[in-house]
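Some notes on the structure that comes next.
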Amino acid sequence: MKLLTDNVTEILLLIFLIITFLQSGIDKLMDWKGNLSWLKGHFSETPFKNMVPLLLGTVLATELVAGVLCLLGIVQILINKGASLAFYGAVISCAALLMLLLGQRIAKDYEGAKTIAIYFIPAIFLVFLLQW
């Protein structure tokens, strides 16, 4: 129980990222065609218009890796007090959010970009906590 209470902030932030990225990744897997169709329209007037399937696959893979590493990070924290997997999960989560932010900015979806920035705050805070 002490391991849990000593790392409660990190664990809660990891759960936040797990929910965020595993849900998003699973949604992309379950509705690939729907996501692809929407994103092709979203990026139709951008330099990314011909790269949407590749970029969607890249974001999907990054989100799933981030979510799994965050999940394994909780296990690692609780079993042996290590946090390397949690740290890598948090860093990859930040990378995924930066990719999404770039896409929103390129598509001139500034409201969407603001939403991404809100997710970035707890993710980068987790990186900060896990650096020590």
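Computed from the coordinates by the stated procedures, all read-outs in this text should not be read as laboratory data. Since we're looking at a predicted model, the values are computed, not measured. All Cβ positions, even for glycine, are placed from backbone atoms using ideal geometry, and neighbour counts span all protein chains on display.
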### Summary
Rg/Rh over Cα atoms for region 41-89, Kirkwood Rh, comes to 1.30
### Query
Could you work out the helix-only [θ] at 222 nm for the chain, with each DSSP H run of four or more residues adding -39,500 (n - 2.57) and the total divided by the number of residues, to the nearest 500 deg cm²/dmol?
-29000 deg cm²/dmol
## Note on the structure
Packing-ranked peptide list from 28-36, 10-18, highest mean Cβ count within 10 angstrom first, is 10-18, 28-36
### Task
Quick one, could you list the DSSP H helices from the chain stretching 24 Å or more along their long axis (Cα atoms) with average Kyte-Doolittle hydropathy of -1.0 or above?
8-30, 52-80, 84-106, 110-131
### Query
Taking the Cα centre of the chain as the origin, how large is its charge dipole in debye, to the nearest 20, when only Lys and Arg (+1) and Asp and Glu (-1) carry charge on their Cβ atoms?
160
### Message
Report D for region 1-111 in µm² per second (integer): Stokes-Einstein, Kirkwood Rh on Cα pairs, 20 °C, 1.002 mPa s.
### Response
143
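Using the 10 angstrom Cβ neighbour count as an exposure proxy, how do 108, 40 rank, fewest first?
Fewest-to-most Cβ neighbours within 10 Å comes out as 108, 40.
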#### Entry: In region 38-128, GluC sites (Glu not before Pro) in a DSSP loop with at most 13 other beta-carbon atoms within 10 Å
45
#### Entry: Rounded FRET efficiency, nearest 0.05, which uses the C-beta distance separating residue 81 from residue 54 and R0 of 41 Å
0.55
### Message
Using 27 Å as the Cα-Cα cut-off, could you pick out the over-long pairs in 28/49; 33/108; 49/114; 2/28?
### Response
2/28
### Query
By the scheme Lys and Arg +1, Asp and Glu -1, what is the net charge of all other residues having a beta-carbon under 11 Å from that of residue 70?
-2
### Task
Extending each Cα 7 Å along its Cβ direction at residue 29 and residue 98, get the distance between those two points in nm, one decimal.
2.6
